[in-house]
């Protein structure tokens, strides 16, 4: 069964245009600008293929080659789509530099130097493909195992977009129409399959980004931008495990802003929210970047530090002093900003709940002792596993003498 080449390219063009329109529709519906860029790139690519397949045999050589300017701009749009996808600004000069290089090539290179001209064109596409792959591969939050499809896809996107055109031009005998070459049939089919596959992968990338954004939002307190209780528990679990492998201790702090309810009553909840945001910023800036901080409820905050108890107490004093001297004024009235802090440390692998319970006890002591102070837990808490073992051992020691007495009485 023979395939009509013009029909294949018509199908490829219509499919690429349809997919481009779909990308633009979803990009605007979901407010994802990168999909708009990818959609426009598809539309330009579809226009390039259609004009090249249908109109180039009837055009002079220089005009036929000029059609490919659209394809090079499409490659630049794919690169810019990757930049926008990662929150960067479009590179407008980079969008057209490939097309300008191709324009210089078709004007300056001799008409019979087909191989040289096509090599330059392939090089331009390759540069755009590498730039796109590097941009998508620059997201450090993913592991390399999960990132390699995102690197491979733009390479194929750039290469396959122009490969049918380049090879067909090179392999078509002089004086023959491009549609008479079997390579054109092969690459026309490949172009159709690639157009569908690439859109599928684009939506996979967008879906993965959306899922990660929702997961991050579920772990972040919207008011302060710090971890919420859930996010704090997940982040600290990883730190506790990491420090336990290295045999290093960890220490927990619990912060409670003094008389916060009275601040809300006197100045209103907006003022209270601003105070919470100020305290969150102060804690983040005062502690180290390696420390994990979070808002675990109301006016209560917590931090996990990979250090000893003595170092943590010093850090807590810095936070207390900085907050007490920040000098907030609301409606020309000074606001007393003090915080009580409880600190507790434990041996490696001590569970977060155990550390928080010990730090909460120390915090209660700080409140009872006059507030605006740091209190450290008197004893290191036992991990749940160690506590269970000691409880079992204690039960065993109490039952053994009783059993011995019963045997003696018998």
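Residue exposure proxy: 196, 335, ordered by other Cβ atoms within 10 angstrom of their Cβ from fewest to most, comes out as 196, 335.
For segment 200-245, what does the alpha-carbon gyration tensor say about shape, rounded, prolate or oblate, given a ≥ b ≥ c as the root eigenvalues, a/c under 1.5 as rounded, and a/b over b/c as prolate? Judged from the Cα gyration tensor, segment 200-245 comes out oblate (a/c at least 1.5, b/c at or above a/b).
Principal axis extents of the Cα atoms in segment 229-379, from largest to smallest and rounded to whole angstrom, are 52, 29, 21. Across segment 229-379, the relative contact order, built from alpha-carbon pairs under 8 Å that are at least six residues apart, equals 32 percent. Between residue 210 and residue 368, the simple spin-label model (points 7 angstrom out along Cα→Cβ) gives 5.3 nm. Here the Kirkwood formula puts the hydrodynamic radius of segment 281-369 at 14.2 Å, using every distinct Cα pair. Note on residue 218 and residue 103: with the Förster distance fixed at 56 Å, the Cβ-Cβ geometry gives a FRET efficiency of about 0.65. Note on residue 200 and residue 325: their simple-model spin labels are 6.4 nm apart, each label 7 Å out from Cα toward Cβ.
Is segment 1-129 rounded, prolate or oblate when judged by the Cα gyration tensor, a ≥ b ≥ c being the square roots of its eigenvalues, rounded requiring a/c under 1.5 and prolate requiring a/b larger than b/c? Cα axes put segment 1-129 in the oblate bin.
Projected onto planes of every orientation and averaged, the convex hull of the alpha-carbon atoms in segment 203-313 covers 8.7 nm². A full extension of the chain between residue 264 and residue 379 corresponds to an added length of 37.9 nm, given 0.36 nm per residue minus the alpha carbon distance.
Each value in this text was obtained by applying a stated rule to the coordinates, not by laboratory testing. Values in this document were obtained by computation on a predicted structure and should not be read as measured data. No Cβ is skipped: glycine too gets one built from the backbone with ideal geometry, and neighbour counts run over all protein chains shown.
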